[in-house]
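Structure first, commentary second.
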């Protein structure tokens, strides 16, 4: 199980990066360019959701990769 | 537990739960009365962009951004000074802010000061809520025997749903007693003003409570933290559990909670076009029927463990959301019903509109259809007239037409929707019933309030709280894509656009389910109190 947890660490980091790409490049920039009422979801994606998902998943993945969540017994 | 201890335990639970329920009530009435609040404090009209922005901030900022800050601020106080003192402060702060919102003169009386004051008070509400929940959950858990923590804290878990139910009932009662004109003029203030009485009673009850015995002992032994924020988040040993609590439990719990209680409500009203009165009725029944299961799953978590109940709740939600929402949509979809053609009516008329600054007249075209099962459909198309001609939009060069559709459903369909909301409520109770005990047991006494409050409020406030807005946006985006495709003579881009909003809870709950299943060890009482 510890090996699975460590390997999954890479997966969480990758999902964090994919979230950044999807939320910023694929969504926020497009919405920002459209303007009007689309600006609000663009701000939510950029300022709140993206840092939260990417930051939390990235750090969690890193800890996981470092064996912080390994079963000790 | 002896009878006297049991009775004292229930008075502790009662006092904590009533206060927390009132805080949720205070928080929800703003959302439930958002439409009328926007007309009073953020009116539309020329130059209304700033007001619209303030309105969005008031709605979003308090629910999402401020709650985690409240968790940090009051969590720290709770770990430094004590649980009781802190959740007394949050109660008074919430009650004071809610009462004051009910007293603020409208925009037309004091101008821009009105929306600014509402925004400020809404932020205070968010801060107070961020501090309240962790305090109440910790306080009850620290009084409970370790083998009954799930059951005892599940009463605190009821309060969020109970607060929503009470807010819907108080608003419905006020609307019943007053005429529509009176409610619009001053009646909407009553649910806000009523809060002060409830808070007063709760304050008196809570004032006589004692500090948590575990915290008092830790304080007497000099084992409390001197810097809870640093110990909670500046220390990898604890911070990794904060992350695990967020990504393995509260993120999924938050999206399941908001899907079952808020997105369901917004879906029935805005996407299925069922009138607000029927939606409130469906929600009140669905929530009331589901609420006892918070206690059932809290109790069960003491016997079979908390992890698997929460994970099972997430899994069934992920697997069944698309089926449930398809069934919900089809229930009110007039394409599936047989029309009584001879009862159809259509009326074209000119109506005065005080808000229309370009001549004061709108062209209104109303179509009504009746179906064999008793469902009625009404579509009102309003064209704004400018100097006698239909106004053309500057954006796309098309006529400005506002269309309002209403599908009034029959009793059978109403109960079908109530049943589908109830099923979602069961998922909510599975993930939410045991979560307070689970979080409390994850962190040691000295930093418990701070450590458990932050992941809870990020999971619920940010991931959960953003759900209705993001899901509705995804649906509207998919609908627009289909409209553009249809105008270009192309086939539909998205087959069922109304289901698109569900990807947000399904993906987040899916990630949370995998992390929770693999990384949580499933041993409750991890921390030895």
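Looking across the stretch B:368-423, just one residue is in contact with a helix residue (DSSP H, G or I) (Cβ under 6 Å, 6 or more places away or on another chain) and over 18 Å from residue B:333 (Cβ atoms), and that is B:422. Can you find a residue in the stretch B:440-450 that is buried (at least 18 other Cβ atoms within 10 Å of the Cβ), farther than 19 Å from residue B:245 by Cα, within 14 Å of chain A (Cβ to nearest Cβ) and at pLDDT 90 or above? Among the residues of the stretch B:440-450, not one is buried (at least 18 other Cβ atoms within 10 Å of the Cβ), farther than 19 Å from residue B:245 by Cα, within 14 Å of chain A (Cβ to nearest Cβ) and at pLDDT 90 or above, which makes the answer no.
Residue by residue, here is whether (1) out of contact with any helix residue (DSSP H, G or I) (no Cβ under 6 Å at 6 or more places or on another chain); (2) in a helix (DSSP H, G or I); (3) within 22 Å of residue B:507 (Cβ to Cβ) holds:
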position	(1), (2), (3)
B:246	no, yes, yes
B:251	no, yes, yes
B:257	no, yes, yes
B:260	no, yes, yes
B:264	no, yes, yes
B:269	no, yes, no
B:273	yes, no, no
B:279	no, yes, no
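Of the residues B:489, B:516, B:501, B:522, the single one that is touching a residue at least 24 places away in the same chain (Cβ under 8 Å), farther than 15 Å from residue B:137 by Cβ, more than 11 Å from chain A (Cβ to nearest Cβ) and not in a helix (DSSP H, G or I) is B:522.
Remark: residue B:300 falls outside the filter, which requires a residue to be under 21 Å from the mean Cα position of the chain (by Cα), outside any strand (DSSP E or B) and surrounded by 18 or more Cβ atoms within 10 Å (Cβ to Cβ). The set of residues in the stretch B:175-200 being part of a helix (DSSP H, G or I) and over 24 Å from residue B:92 (Cα atoms) consists of B:175, B:176, B:177, B:180, B:181, B:182, B:183, B:184, B:185. Taken together, the criteria place residue B:506 among residues that are part of a helix (DSSP H, G or I), away from chain A (no Cβ under 14 Å) and either in contact with a strand residue (DSSP E or B) (Cβ under 8 Å, 6 or more places away or on another chain) or modelled with pLDDT of 95 or more (or both).
If you scan the stretch B:95-129, which residues turn out to be farther than 22 Å from residue B:73 by Cα and surrounded by 23 or more Cβ atoms within 10 Å (Cβ to Cβ)? Passing the criteria: B:101, B:115.
Residues that are touching a residue at least 12 places away in the same chain (Cβ under 8 Å) and not in a helix (DSSP H, G or I) within the stretch B:70-86 comprise just one, B:82. A search for C-beta distances below 8 Å between a residue of the stretch B:1-30 that is outside any helix (DSSP H, G or I) and any residue that is surrounded by 13 or more Cβ atoms within 10 Å (Cβ to Cβ), counting only pairs 6+ apart in sequence or on different chains, returns B:1/B:9; B:1/B:148. Go through the stretch B:97-138 and give me each residue that's in a helix (DSSP H, G or I) and free of Cβ contacts under 8 Å to residues at least 24 places away in the same chain. Result: B:100, B:109, B:110, B:113, B:117, B:120. Within this structure, residue B:386 fails the test of being surrounded by fewer than 22 Cβ atoms within 10 Å (Cβ to Cβ), more than 24 Å from residue B:314 (Cβ to Cβ) and modelled with pLDDT of 90 or more. With respect to the conditions (1) farther than 23 Å from residue B:74 by Cβ; (2) out of contact with any helix residue (DSSP H, G or I) (no Cβ under 6 Å at 6 or more places or on another chain), residue B:438 lacks only one, and its number is (1).
Answer yes or no as to whether residue B:335 is in a helix (DSSP H, G or I), out of contact with any strand residue (DSSP E or B) (no Cβ under 7 Å at 6 or more places or on another chain) and modelled with pLDDT under 95. Against the criterion (in a helix (DSSP H, G or I), out of contact with any strand residue (DSSP E or B) (no Cβ under 7 Å at 6 or more places or on another chain) and modelled with pLDDT under 95), residue B:335 qualifies.
Here residue A:4 meets each of (1) at pLDDT 90 or above; (2) at the interface with chain B (Cβ under 8 Å from one of its Cβ atoms); (3) surrounded by 19 or more Cβ atoms within 10 Å (Cβ to Cβ) with one exception, condition (3). Only one entry in B:455, B:444 is under 27 Å from residue A:14 (Cα atoms) and in contact (Cβ under 8 Å) with a residue 24 or more places away in the chain, namely B:455. For residue B:61, the test of being assigned to a helix (DSSP H, G or I), at pLDDT below 90 and more than 14 Å from chain A (Cβ to nearest Cβ) is failed.
The values are calculated or read from the model by the stated rules, or taken from the named source; none is laboratory data. Everything quoted here is computed from the prediction, not taken from an experiment. With ideal geometry, Cβ positions are generated from the backbone for all residues, glycine too; neighbour counts draw on all protein chains shown.
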